[in-house]
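Worksheet: the structure to be examined is printed underneath.
Only the coordinates and a few stated rules stand behind these numbers; no lab work does. Just so it is clear, the structure is predicted and the values come from calculations on it, not from any experiment. Here Cβ is always computed from backbone atoms with ideal geometry, including for glycine, and neighbour counts include all displayed protein chains.
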Amino acid sequence: MIEKVTIKKNHARQVAESLLKGISPERKNLIFFLHQVQNHLGYFPEEVVLLAAQYFSVSPAEIFGILTFYSAFKLNQSCAHHIKVCQGTACHVRGSEAIMKEFSRLLGIEAGDYDRQKSISLETVNCLGCCAIGPVVVVDGQYHARVNLKEIEKIVAGLTAGEKSDETCEI
Amino acid sequence: MEKKSLSLKINDRPVEARPGISVLQAAREAGLYIPALCELEGLPPLASCRLCLIKIKGRPSFAPACATLAEEGMEVETSSEELEKLRLTTLEMILSEHPYFCLLCSEKADCDELKVTMSKAFDPGGCIFCPKDGDCDLQRVASYLNIKKVSFEFKDRNRPQWSKDPFIIHNPNLCILCGRCVSVCGEIRGENVLTFVNRGEATAIGTFYNRSLQASNCSFCGACLDVCPTGAMSEKGLFPARGEKISTKKFVCPLCSCGCELEAEIGEDKVCRRIVPAAGEKPAFFLGCVRGRFGLKGLLADHKLAESQTVRIKNSREKASLEQSLSAVVTSLKETNPEETAFIFAESNTIENLLSFIHLGQELGLKNIFWYYPENFLTRLIEFEQQNQVGLNYCSSVPEKLPENGCFFIIDSDLKSEAVTLWLEIKKQLKAGSRMVVLDSGSNALEGQADLKLKPLPGKEDLALLAVLRLWLDRPDCLKSWPGWKELTEKLRHYQPEDLALASGLNSDSVKTIVDFLASGKSWTFIFGQRFLRQKNWKENLLAVWNLSLALGAGIWPLSSKINEKFLAGLAGQGQIKILDEIKELENKIKAKKVRNLYVYGDIPLTEKPEFLTVHNLFFNSSLADLSHVFLPASFWPGESGHLVDYTGQLKESPSTREQEGHPVSDQTIFNKLRAELGRAEWSPSKMNINLSERPGAAATSLLKPGMKRYFLSGTMMEKIGDSLSSEKERMLTEEFIIVVEQNLDLYGGFNLTEGVPGYQQARNPGTVLINPSDISHLGLEAGEEIVIKLESKALKGKIKPDSGITPGVLVIRPLLIDGFLSDIYHQGIVKGWVELKNE
């Protein structure tokens, strides 16, 4: 168990180091780097933040502040599957609230929470910029347009059937 | 004084303002009050509280006065029905998340009698229980705006307090998110511990991954306490002073060379409530650190001071009257040959007291009047100057102010811990665009703020600097006009900069980077601390800095870390006192019966007992006091008036306010009583031929001739370079380490702040061993584990703390000099050791 943790730690560091290779150490590039880490690693272990702090000459506390400010960044190792339910105005008037509730009911978790066992996270977003096809649900990067309540069961079933391991992130 | 040159109108009143100041400042200087909760002079404007909104003629919207610069011809309105209404609503919004019932209560004036508010208020029980009560900016603003109601529903944040840390408590439920603490922590102090976390409703003051302050490497300087407008940041154990009469006493902190002016608040029960920086001109630049603030408070609060004289009769100690004790001392002084009598003192006392003691010794015709000074810092500088006929001009060269827009090259000196006032000045300049290079073989809290940092191997600082010098000498911007340039260049040409760099533990690229960086900066100042001269090769270190500073046209600022050092070094230079840097020397003299009678003023880590020992100290807690034949309690100097000399050579005055009842007899009175018994006239420092109103630092090197400026390299230095280059050895064993022995100033009069002050050990544990994380895993250890380090003569125990700033193969320790062994390794500066591996 301990070994597995250290492997993961080293992996995170390696990912961060290789990402830094293409980025110059100016402060303005920090957010870009953080997005890259989020995309490739999915979360921010402390050592990655410390590495970034040293590289960009920003205090670790300040980076932590940025990470907690933007909802795009996750502090904890995230799940294999991400469900984002749009709660923007256009989706809202087309019933996205009910859709959210249905996801909650089926998964047994609230918005912003995750199911460790099934490795599914559920969150709300505030407009994805494609209001015309609302209500929109994004599942693992795939957009589902004009979602209705009946479809939700299918989406959830599809996710729980073939469970992926959470160590698939590669660059 | 800057010229006032802008004229504007505030509330139809013509106001003159300096260019660059905000409207709020201009109004304040003109005597106008604008409510503000986030603005604080000295801190960058945050404009987060929105209370200082003003109306400017010709502008469509309201502007925050704190973040609006005063302009020529501006017409400003700071108060009107419209503005006050706006402010009231803003305050209502602020208060909707801060318990406000006490602020609105109509009976608040009679709160002490009625205590009705308590039942209405939320945690922490209303203003009456808040440590900020009576000194709260929120209370002030609420009463200015005369708030009667809060129209928004009260939202109880119900967040847990941070209470695990020593000295500082944060109550997030009282926080109004003004950001002053975040600002002072990062921008002024350079600590960067506090930050805003989360967003929207959930916004809070936080730390890196919500660690405790202690785990975030907080230095507990207490600046956040000074700036907090509410009770959100408060000193642990501090209760509101409602109704109590608090007296204050200003004094100069003797715990390092900064000599910060502090103020002790003493309650009616004569117990020290707290120690705060004495109000200066700019509140946000409040001085002080954990030692003066919390360490001294612990000493003052808990009655740790020795109160009565004791005399040793056979094997027991007994209380004795002052007369009895003094006559025992006098008898011993009369009976012992002056040649075999020695006086020794520690420097943390007022100059008046020290002079009186030294003078008494001189009257007795003693040849051995010692100042225990293990750093030997100033005396080594003087020796270097005299030997080489150069002028570091130590004392006179120390400017009172730093060069404007200068750049700083800091060597082996952690200013945050050794000279926090200088650090705050440098930090100010860094904000204004200055640059800073840190070269340190040990641990240095400044590295995080440095533009460039260099980590040579301990004891190889000279080679690292020579590598830089070697490259610099060939540059066109090198100052070649001083004599000796050609010779120096020729000598150094035998060595490749790459080889020098590698032998010092740096890579050759970093030396090239540093040379380019040096070229890009202007007016460099080299600042080095006692650690740089506590090494075996201190002469080589000084040589390297000297030549490099000449080549760059840079200034040199040697930084002492002990109070009064500048003054006492002068006395030593005049031959009035001798310096004792190794306690072993005195112990050997005692063993050989060359010293049979010893009078210790202050505390020293001595374990050998002479035939007669007098200890005159604030605390009766050291083994030395227990060995003494006569123990005399010293007068605690915060209760006493007197002068101390800081690192710039300036006098700092502890004013006298009152004599405490039951206060021990002053030291000077004791010395005069001794004089009387010895049949000598009374003496006071004013009789001495030293003008205390002048800079006593100047006296320190008055004996030195002005030195020449010339490049030079000694023969031993050349040999040493050759040796270092050829004897390059790979580290063979993972358990072998070079140990850097850093300074620990948490000791006052032999009183160990770490042991005596609750919580202090949590903040600063002298048993901590800093180690590179990679060494921890190589040795199969875990952070926080206790290890045993074997040195040549003895073993040391310590708890390891990972620090990625430490070079692999190096350990950093900060022992308190409480015994001869620790003083010995401290004196050596860098020692070799082996981590004892556990056999499993």
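Counting Cβ atoms of other protein chains within 10 Å of each Cβ in A:55-61 and taking the mean gives 6.
Taking other Cβ atoms within 10 Å as a rough exposure proxy, B:629, B:170 sort from fewest to most as B:629, B:170.
Per-residue ellipticity at 222 nm, computed for chain B from helices alone with -39500 (n - 2.57) per DSSP H run of at least four residues, works out to -8000 deg cm²/dmol.
From the largest down, region A:2-69 spans 36, 24, 20 angstrom on the principal axes of its Cα atoms. Each Lys or Arg adds one and each Asp or Glu takes one away; over the other residues whose Cβ falls under 14 Å from the Cβ of residue B:92, this sums to +3. Backbone geometry of region A:143-159 corresponds, through the Karplus equation with coefficients 6.51, -1.76 and 1.60 at θ = phi - 60°, to 3J(HN,Hα) couplings of 7, 10, 8, 6, 5, 10, 4, 5, 5, 4, 4, 4, 4, 5, 4, x, 6 Hz, x marking Gly and Pro. Largest first and in whole Å, the equivalent-ellipsoid semi-axes of region B:296-336 read 27, 12, 9, each the square root of five times a Cα gyration tensor eigenvalue. The Cα atoms of region B:377-558 cover 42, 36, 31 Å along the three principal axes, with the biggest extent listed first.
When both bridge partners sit in the protein assembly as shown, DSSP labels roughly 55% of those beta bridges antiparallel. Here the residues B:436, B:233, ranked from fewest to most Cβ neighbours within 10 Å of their Cβ, fall in the order B:436, B:233. Shape index of the protein assembly as shown: Rg/Rh, with Rg the Cα radius of gyration and Rh the Kirkwood radius from the inverse mean 1/r over Cα pairs, equals 1.00. Relative to the longest principal axis of the Cα atoms of chain B, the long axis of helix B:715-726 makes an angle of roughly 80 degrees.
For region A:118-136 versus region A:39-62, the inter-centroid distance based on Cα atoms is 27 Å.
Each part gets one Cα centre, and for region B:162-221 versus region B:320-383 those centres are 47 Å apart.
Among the residues of A:64-71, the average count of other protein chain beta-carbon atoms within 10 Å of the residue beta-carbon is 6.
Using every Cα-Cα pair within chain B, state what percent have a distance larger than 42 Å. Looking at chain B, the distances longer than 42 Å represent 40 percent of pairs.
Inter-label distance, residue A:39 to residue B:681: 8.8 nm, where each label sits 7 Å from its Cα along the C-beta direction.
Note on A:114, B:599, B:647, A:70: ascending count of other Cβ atoms within 10 Å places them as A:70, A:114, B:647, B:599, the fewest first.
Of the peptides B:569-576, B:587-594, the order by per-residue mean of other Cβ atoms within 10 Å, starting with the highest, comes out as B:569-576, B:587-594.
Axis angle, to the nearest 10 degrees, between helix B:508-520 and the longest C-alpha principal axis of chain B: 60 degrees. Over the Cα atoms of chain A, the radius of gyration divided by the Kirkwood radius equals 1.02; this is the Rg/Rh ratio.
Summing +1 for each Lys or Arg and -1 for each Asp or Glu among the other residues whose beta-carbon sits under 10 angstrom from that of residue B:28 gives -3.
Exposed loop sites were defined as trypsin sites (Lys or Arg not before Pro) in DSSP loop states (anything but H, G, I, E or B) carrying at most 15 other C-beta atoms within 10 Å; in chain A the longest segment without such a site runs A:1-115.
Among the trypsin sites (Lys or Arg not before Pro) in region B:285-387, those placed in a DSSP loop whose Cβ has at most 10 other Cβ atoms within 10 Å are B:314. Remark on region A:81-161: hydrodynamic radius 12.3 angstrom, per the Kirkwood mean of 1/r across alpha carbon pairs. Among residues other than residue B:245 with Cβ under 13 Å from its Cβ, the summed charge is -1 (Lys and Arg +1, Asp and Glu -1).
Secondary-structure-derived ellipticity at 222 nm for chain A, considering helices only, amounts to -15000 deg cm²/dmol, per-run term -39500 (n - 2.57) for DSSP H runs with n ≥ 4. Can you classify region B:729-835 as rounded, prolate or oblate using the Cα gyration tensor, where a ≥ b ≥ c are the square roots of its eigenvalues, rounded means a/c under 1.5, and otherwise it's prolate if a/b beats b/c and oblate if not? Note, shape of region B:729-835 comes out oblate. Site pair residue B:164 and residue B:331 shows an inter-label distance of 5.9 nm when each label is modelled 7 Å from Cα along Cα→Cβ. Between the helical axis of A:30-41 and the longest alpha-carbon principal axis of chain A there is an angle of about 70 degrees. Checking the cross-link pairs B:536/B:709; B:416/B:720; B:427/B:797; B:539/B:584; B:236/B:416; B:431/B:480 against a 27 Å limit on the alpha carbon distance flags B:416/B:720; B:427/B:797; B:431/B:480 as lying beyond it.
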